[in-house]
Amino acid sequence: MSQKHGKFLIVANWKMNKTSQEAVAFAEFLHEKIGKKTEVNVVICAPFTALGALAPIFGDSNIGLGAQNFYPENAGAYTGEISAGMLRDLYVNYVIVGHSERRQIFKETNEFINKKVLAALEASLKPILCVGETLAERESGRAIDVIKYQLVECLRDVPAHLCEKLVIAYEPIWAIGTGKAATPEMAQVVHGAIREFLKEAFGRHADKISVLYGGSINPDNAQLILAQADIDGALIGSASLSEKPLLDIVKIAKKLNKQQIPTLEEV
Ligand code: PGA
């Protein structure tokens, strides 16, 4: 069980929501509530337009700043795009790659996502690589094969010594934004397979990789999902857009941490 080696990681994916002003108000609230707490790692993946304003708010806190996308070239004639270096310049330390919305709407391929993973690592950005199956793939019994294929293709050429910088998010596509999360057991089966794959690919280094679950996570289902052996945290979309559900999920993670980390008497 990997989370024994670290803390839960709770990542908010705000998607195309919140103006810079709205993001700042939310970030100030979060900073006040959990900015100094260290029991759970929290990362906010905000729209590009808010990143510059959020960096100074989270600067001296335990809350990390993430982006939702970037283009895997250093600079040049790529109108409308943002490089990893530009994100680093705004003190961004995480970036989501391979999200199913980018795969489906923007036609991003595993090959392109692999370029992003490598470029992010090169720029010292931690890629949060999303993988997951469609409903048809699940119903035809191919979920694990599809996910393994995505992992093989998207993690190609990642050196073992850098794999600790990776975060993997299992996001079944049929669970994203539908209110219909995977059952804890279903998620655990996939997470177990992902953990095995990572061990085979990266050896002992793989233990340090956080594997998150995403897809309709909310305060009502978070406890059972996060309690699964191979689930190290959550990637949260809609429930991360308001203060209460996000803080409730962080609280649930904190409580589970306490239950899992042995006290001094137990050691
Ligand atoms: P959701 O989104 O929590 O709204 O299902 C998750 C995601 O897309 O990362």
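Over all pairs of different C-alpha atoms in segment 78-185, the reciprocal of the mean inverse distance, the Kirkwood hydrodynamic radius, equals 14.8 Å. According to the Cα-based calculation, Rg over Rh for segment 117-180 is 1.05, with Rh computed by the Kirkwood formula. Model label points for H161 and Q104, set 7 angstrom from Cα along the Cα-to-Cβ axis, are 4.0 nm apart.
DSSP loop trypsin sites (Lys or Arg not before Pro) in segment 21-125 with at most 15 other Cβ atoms within 10 Å of their Cβ, which ones? Counting only loop positions with at most 15 other Cβ atoms within 10 Å, the trypsin sites (Lys or Arg not before Pro) in segment 21-125 are K36, K37, K107.
Scanning the chain for DSSP H helices at least 24 Å long along the axis (C-alpha atoms) with a Kyte-Doolittle mean no lower than -0.5 picks out 184-202. Across every direction, the projection of the convex hull enclosing the Cα atoms of the chain has a mean area of 13.9 nm². When the helices of the chain are scored as -39500 (n - 2.57) per DSSP H run of n ≥ 4 and the total is divided over every residue, the value at 222 nm lands at -12500 deg cm²/dmol. Straight-line cross-link partners of K148 among the lysines, defined as a Cα under 17 Å from its Cα and at least 8 positions apart when in the same chain: K199. By the Kirkwood approach, averaging reciprocal distances over each pair of separate Cα atoms, segment 167-267 gets a hydrodynamic radius of 14.2 Å.
The phi torsions of segment 206-220, fed into the Karplus equation with coefficients 6.51, -1.76 and 1.60 and a -60° offset, translate into couplings of 5, 4, 8, 7, 7, 10, 9, 9, x, x, 6, 6, 8, x, 7 Hz, rounded to whole numbers, with Gly and Pro shown as x.
How much length is gained on full extension from E200 to T49, taking 0.36 nm per residue of separation minus their Cα-Cα distance?
50.4 nm
Comparing mean-square fluctuations of T19, T79, T178 from a GNM of the chain with C-alpha springs under 10 Å, the top value falls on T79.
Taking amide H atoms as placed 1.01 Å from N in the peptide plane, the amide H of A169 lies under 5 Å from those of L129, C130, V131, L212, each 5 or more residues away in sequence or on another chain.
The alpha carbons of segment 1-156 give a radius of gyration and a Dmax of 16.6, 48 Å, in that order. The charge dipole of segment 25-161, taken about the Cα centre with unit charges on the Cβ atoms of Lys, Arg (+1) and Asp, Glu (-1), comes to about 140 debye, rounded to the nearest 20.
Laboratory data are not the source of any read-out in this text; all were calculated from the coordinates shown. Treat the numbers as computed from the prediction; the structure is a model and nothing was measured. Positions of Cβ are generated from backbone atoms using ideal geometry, with glycine treated the same way; all protein chains shown enter the neighbour counts.
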